[in-house]
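Asks: First the structure, which I've put down as structure tokens, then a few questions once you've had a look.
Read-outs throughout are calculated quantities, based only on the coordinates presented, and are distinct from any laboratory measurement. Not measured: the values here are computed from a predicted model.
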Amino acid sequence: MNKWTSNEGDSFGSASGQPGNPISRPKCLLPESARQNDGVGPVVALDQYCGKLLVITLGITDIVERTGLTVSVWGSPDQIEWKPLVTFRQRQYCGVYSVLLNLAIDPDVRYLRAHWNMNRWGKGERTPLCGFEVFLEESGARVSGSALA
């Protein structure tokens, strides 16, 4: 998944390969890392993604058996007042999961951050362990980008 993440959001061309309509690279909300506790990620400025339809992707690379991971994305206009915008349903397996986030209905949102909660059940060690990352991209970027290949 790391090959897709970038904090930059640069443009790398257009679907036709000609200058013009740029395609944005995914923006990292939460870098890939192994985590053992609930937490909150860093504040990420939306920049050119404000007011757009976004795809939020959760990539789970490692997870201990009988561990549940719930990830939500929160938004803020000012980094003071935060509200939940979208929540992935609880996941227990490695994989790549995506949800849409329509910021056109929340045009005041200028910043995002990821929140996560883990739980563990059953016998044995009760400490959860999960490796995951969260990134965003504009809806349609994957389709447009595939035309470049």
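Asks: Using 0.36 nm times the number of residues separating GLN90 and ASN102, minus their current alpha carbon distance, what extension gain do you get?
Replies: Answer, rounded to one decimal: 2.2 nm.
Asks: May I ask for the equivalent-ellipsoid semi-axes of the range 58-130, computed as the square root of five times each C-alpha gyration tensor eigenvalue and listed largest first in whole Å?
Replies: Those come to 29, 13, 8 Å.
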